[in-house]
Amino acid sequence: MRRARRSRGAQAVRLSAVRSEVDACLTAFLDTKQQEAELAGPVPAPAPRLLGEFLFAGGKRLRPLLCVTGWWAGGGRGMPAQVVSVAAGLEMFHAFALIHDDLMDGSQTRRGRPVLHRVLATELGHGTATADASRLGVSVAILFGDLALTWADELMHTAAITPDQLARVTGLVDAMRGELVYGQFLDLTSAGQPTRDVAKAMRIARYKTAGYTVERPLHLGAALAGAGTDVMAACSAIGLPLGEAFQLRDDLLGVFGDPQETGKSCEDDLRDGKHTALVCLAFERADASQHAALASLIGNPALGEDEARHVRALLTATGAREEVERMIRTRCDQARRALDQARFPPVATTALHQIVDTATVRTR
């Protein structure tokens, strides 16, 4: 037992080192882009600085951690610069997804600070709070999100990986991006009309989060290491339930979280009427009176704090909140069982156990 604890402690240091290496890679990349902008290169002048501020305002670096862990799972050793660059590309891709997500959801804050389109509206509008400044901020944020996607590609394609490695990862990256778009489409087109359809809510979680947050980063790292189909299948068996658990925790934090911890409003999901398992379960279990109250409040863009408190009380009283917690535990247990059955090198097994332990027990 003491040996296991020491192993996990050592691995915690290793995961911290992954974060540091990824952050150093992102910093160096953005410094180069800043130099290009200052030399009047084809780079929007404020983009490297603002994307850097966005990237370093917080974030768990979960996708890069999983990419490097996938490398270890596939038999890779150490932390080569090529793998770190691909992992950093995943974090840049995540920035693209978040910037566009904030635009689609009309969010006001992210990680405890104004969202990028609000920052741009203030900077490019010279501090004026006008409709034109707001529209300009939205338009340029779309461009900067696209630029983050382009730079994610650049980080991956300039990683000095071999032609064989590039061939292995290209299809996975394409699949990851397509799955995220599909998940976002389902999320957007289901908002405002939540039902009892828990299966649909979990399909949204699968494509919007589980794939690009956990499964595909593991796949990418394993593919770089030349892993076979058995390792890739094990990555899916671990990654999909863990990714679903991660999204279920996000759904709870989106309603019950402390904005000081999460860095965003805990009313937005209720105002948008997000089609989450939490809401679906509440509708499924509600009596007639509770159902009527939920239907009148969830999806109301003018929902106030008092009404939001009432919705939270209903989500608790119907047992929906407790059931989502049970679903999280079930999926984490499923991921752990799959991990125990996988024949990964000890370094990967230890890292993944730590990630399973921490990724879904969080306050932000």
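Coordinate-derived values only; no laboratory data. Predicted model, so just to flag it, every value in this text is computed and none were measured. Virtual Cβ from ideal backbone geometry, glycine too; neighbours counted across all protein chains shown.
Counted residue by residue at 0.36 nm each, then reduced by the alpha carbon distance between them, the extension gain from residue 126 to residue 158 reaches 7.9 nm.
Per-residue 3J(HN,Hα) values for the stretch 18-31, derived from phi via the Karplus relation 6.51 cos²θ - 1.76 cosθ + 1.60 with θ = phi - 60°, read 4, 4, 4, 5, 5, 4, 5, 5, 5, 4, 5, 4, 5, 4 Hz in sequence order (x marks Gly and Pro). Phi angles across the stretch 86-100 convert, under the Karplus curve 6.51 cos²θ - 1.76 cosθ + 1.60 with θ = phi - 60°, into 3J(HN,Hα) values of 5, 4, 5, x, 5, 5, 5, 4, 4, 4, 3, 4, 5, 4, 6 Hz, Gly and Pro given as x. Which one, 183, 70, 319, has the greatest fluctuation when you compute a Gaussian network model over the chain with C-alpha springs under 10 angstrom? Maximum among the listed residues: 319. Each Cα pair under 8 Å and six or more residues apart adds its sequence gap; the mean of these over the residue count of the chain is a relative contact order of 20 percent.
Max-minus-min Cα coordinates of the stretch 2-359 on each principal axis give 61, 55, 36 Å, with the largest extent listed first. Name the residue, out of 154, 123, 267, whose mean-square fluctuation peaks in a Gaussian network model built on the chain with Cα pairs under 10 Å. Taking springs between Cα atoms under 10 Å, the residue moving most is 123. What you get for the stretch 99-211, charging only the Cβ of Lys and Arg (+1) and of Asp and Glu (-1), is a dipole of about 460 debye around the Cα centre. Once the mean of 1/r is taken over each pair of separate Cα atoms and inverted, the stretch 210-364 shows a Kirkwood hydrodynamic radius of 16.9 Å. Helix content alone sets the calculated 222 nm mean residue ellipticity of the chain: runs of n ≥ 4 DSSP H residues at -39500 (n - 2.57) each, divided across all residues, give -24500 deg cm²/dmol. Can you tell me the FRET efficiency between residue 20 and residue 287 if r is taken as the Cβ-Cβ distance and R0 is 51 Å, rounded to the nearest 0.05? Calculated value: 0.45. Our coupling estimate for the stretch 65-77, obtained by passing each phi through the Karplus curve with A = 6.51, B = -1.76, C = 1.60 and θ = phi - 60°, is 4, 5, 4, 5, 5, x, 4, 5, 4, x, x, x, 10 Hz, Gly and Pro reported as x. Taking the chain as the region of interest, the number of lysine pairs whose Cα atoms are within less than 17 Å, with members eight or more places apart or on different chains, is 5. Here the chain is assigned +1 on the Cβ of each Lys and Arg and -1 on the Cβ of each Asp and Glu. Its dipole about the Cα centre then comes out at about 1460 debye.
Of the residues 107, 73, 97, the one whose Cα sits farthest towards the positive end of the charge dipole of the chain is 73 (charges of +1 on Lys and Arg Cβ, -1 on Asp and Glu Cβ, taken about the Cα centre). I want to verify a result. In a Gaussian network model of the chain, Cα cutoff 10 Å, which of these has the top mean-square fluctuation: 274, 208, 60? Of the options given, 60 has the highest mean-square fluctuation. Our summary gives the stretch 277-364 a relative contact order of 29 percent, counting only alpha carbon pairs under 8 angstrom and 6 or more residues apart. The mean sequence distance of close C-alpha pairs (under 8 Å, at least 6 residues apart), as a share of the length of the stretch 82-223, puts its relative contact order at 26 percent.
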